[in-house]
1. Which residues, counting only those in the range 34-54, are farther than 16 Å from residue 16 by Cα and either exposed (fewer than 12 other Cβ atoms within 10 Å of the Cβ) or at pLDDT below 65 (or both)?
2. So which of 64, 31, 57 ends up being on the phi < 0 side of the Ramachandran plot, at pLDDT 90 or above and not in a strand (DSSP E or B)?
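The values are calculated or read from the model by the stated rules, or taken from the named source; none is laboratory data. Keep in mind that this is a model prediction, so the values were computed, not measured. Neighbour counts run over all protein chains shown; Cβ positions are idealised from the backbone, glycine included.
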């Protein structure tokens, strides 16, 4: 790997804007906003990044995702654009 071209990974706290859940991870992102995070040796201050969606609020992970009616979508498409007949052999 080339030296000096890779971003610096550092500890960052992400907070879900919908649920308020926070988690500490490493990232290249940074922020002016900080948060105090409890550690075994006391409290450490880390940059805080607020995200709109995380695994704590994403519909796929929470099980509250909407079921799409695929058959209804196909019929809606056929009503809108009509169904074409397949060409017969020899034409």
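1. If the condition is that a residue be farther than 16 Å from residue 16 by Cα and either exposed (fewer than 12 other Cβ atoms within 10 Å of the Cβ) or at pLDDT below 65 (or both), then 38, 39, 40, 41, 42, 43, 45 are the ones that fit.
2. Values: 64 fails: at pLDDT 90 or above; 57 fails: at pLDDT 90 or above.
From the options 64, 31, 57, the qualifying one is 31.
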